[in-house]
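Report on one structure; see the data block that follows.
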Amino acid sequence: MSEWIVVILVILALIGLVIYKYRRQLQTGWVMWQTFRRLKQQMKPKQKSVETKSRSTDTQLVRCPKCNKWTPQEDSVKLKSNYFCSHACMEESLSFNK
Ligand SMILES: [Zn+2]
């Protein structure tokens, strides 16, 4: 049984040596593969538009009571029952109420 372990270790060492020898080629290959994948993703505008469409239906728009600007609920600042577009608007309305 121990012979198998030696054989596996030798094979692993050989693979390691090959990777070490061709590490530069492998690195450039990896970089090229990454660029290729990114290009491929950019080449699919149809799928992207579908994604953004489904996302826009999920996000609810809320109106800032201070400046009447519509902002997605997840980007807004909530105070009690009001949604503000930014912290600045929230603070302004607070100082206004005082
Ligand atoms: Zn605002």
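Quick look at the values:
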{"item": "Residue list for segment 66-98, restricted to those being in contact with a helix residue (DSSP H, G or I) (Cβ under 7 Å, 6 or more places away or on another chain) and more than 8 Å from the ligand (Cβ to nearest atom)", "result": "Val77, Leu79, Tyr83"}
{"item": "Candidate set: segment 12-62, residues that are of a type in the set (Val, Ile, Thr) and modelled with pLDDT under 90; chosen: the one nearest to Asn82 (Cα to Cα)", "result": "Thr59"}
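The values are calculated or read from the model by the stated rules, or taken from the named source; none is laboratory data. Bear in mind the structure is a predicted one, so any value in this text is a computation, not a measurement. Quick reminder, even Gly has a Cβ in these numbers, built from the backbone with ideal geometry, and neighbours come from all protein chains shown.
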